[in-house]
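First comes the structure, then the notes that go with it.
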Amino acid sequence: MSLFQGINTSASALTANRLRLDTIASNIANAETTRANFANGVWQPYKRKMVELSPKSSESFDNLLQAAVGNISGKNGDQGVRVTSIKEDETPFKRVFDPSHPDADKDGYVLMPNVDMMKEMVDMISASRSYEANITALNASKNMMMKALEIR
C-alpha cells in the first residue's frame with residue numbers, strides 16, 4: 001500500500017465533487033434559459049445536466065479490504081472515483097402559460113428548462129458535504145505523515 005494512496009483517493013473525490021458543484025451552478029444559472037440549443041430549426045430550452053461517477057477500481061470493496069489487511073493477495077492500485085460522463089436529464093420540459101414571452105407558442109405556452117431548484121439545492125448540499133468530508137480525510141492523512149516525520 002502506497003504512502004500517498006489516501007491522498008490520491010481524496011484528491012480524485014475532490015476533483016469529482018468540484019465538477020459536480022460546477023455542473024449544479026450551471027444548472028441553476030440556466031434555470032430560466034429558453035434558448036439554449038438550436039435543433040431541427042427550433043430553439044430548445046436548457047436541459048439539466050448531471051455528473052455520473054464510477055469507482056476507478058473494478059474490484060469489490062470486500063476484496064480491497066481483505067487485500068489491505070493482508071488476508072488475500074490482490075492489487076491495491078488505483079482507487080478513488082472518476083467522472084464517467086456528464087449526461088443531460090431527459091425529464092420533459094415544463095410548460096408555462098405566458099403569452100407575453102417572446103418564445104411562447106400560438107397557445108401562449110413557453111417551454112421552460114427541466115431544472116428543479118429543490119433538486120439542485122439538495123445536490124449542492126450533498127456535493128459540498130462530500131467535498132468537506134474529503135478535505136477532512138486529506139488533512140488527516142497529511143497530519144499522520146507529519147507526525148510520522150517527527151518520530152525519532
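If you take the beta carbon distance between residue 118 and residue 39 as r and set R0 to 25 Å, what does 1/(1 + (r/R0)^6) give as a FRET efficiency, to the nearest 0.05?
0.35
Can you tell me the 0 to 90 degree angle between the C-alpha axis of helix 117-149 and the longest principal axis of the chain, rounded to 10?
Here the helix axis deviates by roughly 20 degrees.
Hey, what did the chain get for relative contact order, percent, Cα under 8 Å, at least 6 apart?
32
Tell me, what is the per residue accessible area of the chain in Å², probe radius 1.4 Å?
68
Note down the net charge around residue 107, summing +1 for each Lys or Arg and -1 for each Asp or Glu among other residues with Cβ under 14 Å from its Cβ.
Local net charge: -1.
On a 0 to 90 degree scale, rounded to 10, what angle separates helix 5-29 from the longest Cα axis of the chain?
Rounded to the nearest ten degrees, it is 10.
Please report the equivalent ellipsoid semi-axes of the chain, computed as sqrt(5 x eigenvalue) of the Cα gyration tensor, largest first, in whole Å.
Taking √(5λ) for each Cα gyration eigenvalue gives 46, 17, 11 Å.
What is the count of Lys pairs in segment 1-128 whose alpha carbons sit under 26 Å apart, if the two are 8 or more places apart or on different chains?
Lysine pair count for segment 1-128: 12.
At 222 nm, what helix-only mean residue ellipticity would the chain give, in deg cm²/dmol to the nearest 500, using -39500 (n - 2.57) for each DSSP H run of four or more?
After summing the helix terms and dividing by the residues of the chain, the value is -15500 deg cm²/dmol.
Could you please state how large a percent of the accessible area of the chain is carbon and sulfur, counting protein chains only and using a 1.4 Å probe?
58
Check residue 44: other-chain or 5+ apart residues with amide H under 5 Å from its amide H, H built from backbone geometry?
So residue 44 has HN proximity to 36, 37, 38, 39.
The values are calculated or read from the model by the stated rules, or taken from the named source; none is laboratory data. Bear in mind that the values here come from a model prediction, so they are computed numbers and not experimental data. We place every Cβ from the backbone using ideal geometry, glycine too, and count neighbours over all the protein chains shown. Accessible surface is based on the protein model in full, side chains and every heavy atom, while ligands, DNA and RNA are left aside. Shrake-Rupley method; radii C 1.70, N 1.55, O 1.52, S 1.80 Å.
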